[in-house]
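Derivation of every value follows stated rules applied to the coordinates shown; laboratory data play no part. Here the structure is a predicted model, which means the values were calculated and not measured. Quick reminder, even Gly has a Cβ in these numbers, built from the backbone with ideal geometry, and neighbours come from all protein chains shown.
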């Protein structure tokens, strides 16, 4: 009787600006270019209005209610390939029920929300400093005003809730103030220790 081998799924969760995308790329490279599944390529929650998101928060903010079309199917397909690893870049970790059982190891990058916010703003400011058109600075100012309004209105609340729900399900919580290289080395060490 043969047992079908599946790929090992390593999930990295953090708030936006917490380092999950950078760490996903570093870990993928160190795991022989393991494929990366980006949650952001599938999520649709951010297309909703602030009022809809606030209602969702007021109604209990069930993370598995977030529509993520094609996400579970893509992870199922990547895991079934059966070779090496798959790295998942997602804020939900095991709180997304359709994919929870497929995750073999969950890292939570515990980044203070003020630092995560500063990283998001810095990234956008860097992009605005080299705009493809002349209106880049004006567009950045408009984006910044809207982003900070939404951050105060509901985003901070989302990130506090995310930490409360996702972090306790993590196999290892790492300090988000560490350098990306230090985090990646810690991740590799933990995976090696677990035989993954």
Taking the number of other C-beta atoms within 10 Å as the exposure measure, put 86, 120 in order starting with the fewest.
120, 86
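May I ask you to order 180-193, 158-171, 15-28, 103-116 by the average number of other C-beta atoms within 10 Å around their residues, highest value first?
Result, highest mean first: 15-28, 103-116, 158-171, 180-193.
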The chain, relative contact order [Cα under 8 Å, separation at least 6], %:
34
Rounded to the nearest 10, the angle in degrees between the Cα long axis of helix 180-193 and the longest principal axis of the Cα atoms of the chain comes to 20
Rounded, prolate or oblate: which fits the stretch 1-47 when a ≥ b ≥ c are the square roots of the eigenvalues of the alpha-carbon gyration tensor, with rounded for a/c under 1.5 and prolate only if a/b beats b/c?
oblate
For the stretch 8-193, give the share of DSSP beta bridges that are antiparallel, in percent and rounded to the nearest 5; count only bridges with both residues there.
0
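If we count other beta carbons within 10 Å of each Cβ, what is the order of 10, 66, fewest first?
66, 10
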Sorted largest first, the C-alpha extents of the chain along its principal axes in whole angstrom are 63, 37, 30
Roughly what angle does helix 136-150 make with the longest principal axis of the chain, taking Cα atoms, 0 to 90 degrees, to the nearest 10?
80
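Mind checking the alpha-carbon convex hull of the stretch 119-196 and giving the volume per residue in Å³?
Convex hull volume per residue, Cα atoms: 122 Å³.
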